[in-house]
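Before any comments, here is the structure.
Values in this text are rule-based calculations from the coordinates and carry no lab data. Because the structure is predicted, anything quoted here is derived from the model rather than measured. Don't worry about glycine lacking a Cβ; one is built from the backbone with ideal geometry, like all the others, and counts go over all protein chains shown.
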Amino acid sequence: MAVTNHKTRNNIIFWSFMGAAQIIAFVLFKELADLSQWVIQGSREATMWVWYNKMPLSIASIVTLVIASAFWFKTKAGVGNKGFIALWLLFAFSFFSGIINPDLMMRPRQNDAVFVNVIEAQKYVKDDESVIVYEIGNSARAHADKQVLRPHVAGGKVVEGTEVVMTYCGLTNLGMAFIPEIDGQHVNMAPMTQLENNLVLFDSNTNEPIQQLWGQNESDVIAKNDRAMQEYPTFRMPFAQFAQAYPDGEVFINDYLVEGMRTEFLSNPVVFAYDRAMEFIFKTAIDFQKNEEAPVFPTINHFDDRLANKALIWGFNINDDYVAYTEEFVKNNDNLVNVKVGGQDVVIAYDESYQSLGVFYNHTGNDITAIDFRGNIDSNNKLKRVENVKAGAYWVVWANFFPDTAVNRV
């Protein structure tokens, strides 16, 4: 009887520590490994709590695993050799996926992005690929969806005194450029996870999460503060049209994706295999998001059937007035829509030559009858782009975050 009680006590001790290690590691996996949300839907509050407490949780998981392992080696309690190895592998998978893998999988390029000229870019970007563009003075930069997908963040040198960083979410099909500063403090962005099918970044200087669509620290969102990064105007056009419009422009290239820059098998077979596995996973998720009616992650809280889920919209707001337009609607209105948004006159125009839809503030006091893709209405007047246009985003994500939006207003 004494031997049986001793064995039972050892089993309880082992499983108490091993169970705690596995549960904590699973929580880290569930809330921080965004791929887990393909099948497990968490809450925003849970994800944020785990993020803010990930270091003590990580330490607790490792400590309890070490105690359980030391106790097992001494007593062989709980499981046999194969069971013990299986438990270790399960822990390693959960812990790696939640804590380590995000930094490896989505290596950001805010400070060291690779940009090439349009001639060099032709090796990597097809003529008909949509590129997300921003202008800085006389310069312009283009970001193809495929190239900016995995780093999620691309920036680099200051151009004409301005630092602009492109952020990208493949689930939303959205590139948003920001001036990386909040309330005078520099923001150093890196991918964190996804929530409701939109990228969540974090500021490595403060550890604060930043939802891409909001551009705000999570603590400011909770406190209802208005502090946010300043959005920088972006628009879309095919790469061939970008090259025509900006022959001296720069094109972002993902250095761990393209041949000639990426790690090859002979130099590092582990990184070679890892990157290709990640590319397959990302491509699978993005293809599903593009081609299926349902969102790839079942985390959307609000659906709106005014448009198809995966319709591409150009969404923006002025003050608290939110609107969304489809390219088809603008084309069907002679490529030009004059409208009032948030009390301000705006013109939405599609340029057939450059295949680009633009949204501009109209300060003239009159309806615009002709405008080019740069915003020129004549040789002396150029309209300013609305800075917060989300160009070509999926309707299902936009409507989830901004449910009060108007659609194709005239």
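A few notes on this one:
- Each residue of region 355-372 was assigned a 3J(HN,Hα) from its phi angle through the Karplus curve 6.51 cos²θ - 1.76 cosθ + 1.60 (θ = phi - 60°); the sequence is 6, 9, 9, x, 10, 10, 6, 10, 9, 7, x, 10, 5, 8, 10, 8, 7, 9 Hz, with glycine and proline shown as x.
- Relative exposure of 234, 8, judged by other C-beta atoms within 10 Å (fewest first): 8, 234
- Sparse packing (at most 15 other Cβ atoms within 10 Å of the Cβ) combined with a DSSP loop state is found for the following trypsin sites (Lys or Arg not before Pro) in region 18-76: 76.
- Three semi-axes of the equivalent ellipsoid, region 312-407, Cα gyration tensor, whole Å, largest first: 22, 15, 11
- Close amide H partners of residue 195, meaning residues 5 or more places away or on another chain with modelled amide H under 5 Å apart, are 200.
- Computed from Cα positions, the angle between helix 2-32 and the longest principal axis of the chain comes to roughly 10 degrees.
- Dividing the C-alpha radius of gyration of the chain by 2.2 N^0.38 Å, with N its residue count, gives 1.14.
- In region 114-253, Cα pairs under 8 Å separated by at least six residues give a relative contact order of 35 percent.
- Taking 168, 52, 124 as the candidate residues, the one with maximal mean-square fluctuation in a Gaussian network model of the chain, Cα springs under 10 Å, is 52.
- Neighbour-count order for 385, 109, 276, fewest beta carbons within 10 angstrom listed first: 276, 385, 109
- Residue among 113, 21, 308 with the largest mean-square fluctuation in a Gaussian network model of the chain, springs linking Cα atoms under 10 Å: 308
- Helix 54-75 axis versus longest C-alpha principal axis of the chain: approximately 20°, rounded to the nearest ten.
- Among 166, 18, 237, residue whose mean-square fluctuation peaks in a GNM of the chain (springs only between Cα atoms under 10 Å): 18
- The chain, relative contact order in percent, only Cα pairs under 8 angstrom and at least six apart counted: 15 percent
- Karplus (6.51, -1.76, 1.60) ³J(HN,Hα), θ = phi - 60°, over region 297-309, in Hz, Gly and Pro reported as x: 9, x, 10, 7, 9, 9, 10, 9, 8, 5, 9, 4, 3
- For region 114-253, the alpha carbon positions stretch 47, 32, 20 Å along the principal axes, listed from largest to smallest.
- Other-chain or far-sequence residues with amide H under 5 Å of residue 159's (modelled H): 164
- Within the straight-line cut-off of under 14 Å between alpha carbons, the aspartates and glutamates reachable from residue 340 are 320, 321, 367, sequence neighbours fewer than 8 places apart in one chain being disregarded.
- Relative packing of peptides 279-289, 315-325 - highest average C-beta neighbours within 10 Å first: 315-325, 279-289
- For region 114-253, the dipole from Cβ point charges (+1 on Lys and Arg, -1 on Asp and Glu) about the Cα centre works out to 340 debye, to the nearest 20.
- Farthest toward the positive end of the dipole of region 338-398, out of 353, 383, 394, is the Cα of 394, where the dipole comes from beta carbon charges about the Cα centre.
- Listed cross-link partners 54/310; 331/390; 54/390; 7/54; 157/224; 290/331 are compared with a 30 Å cut-off, the Cα-Cα value being larger for 54/310; 54/390; 7/54; 157/224.
- With helices as the sole contributors, the chain gives -10500 deg cm²/dmol at 222 nm; each DSSP H run of n ≥ 4 counts as -39500 (n - 2.57), and the sum is divided by every residue.
- Relative contact order (%) - region 312-407, alpha-carbon pairs under 8 angstrom, separation at least six: 31 percent
- Packing-based ranking, highest mean first, of 263-273, 366-376 given that Cβ atoms within 10 Å are counted: 366-376, 263-273
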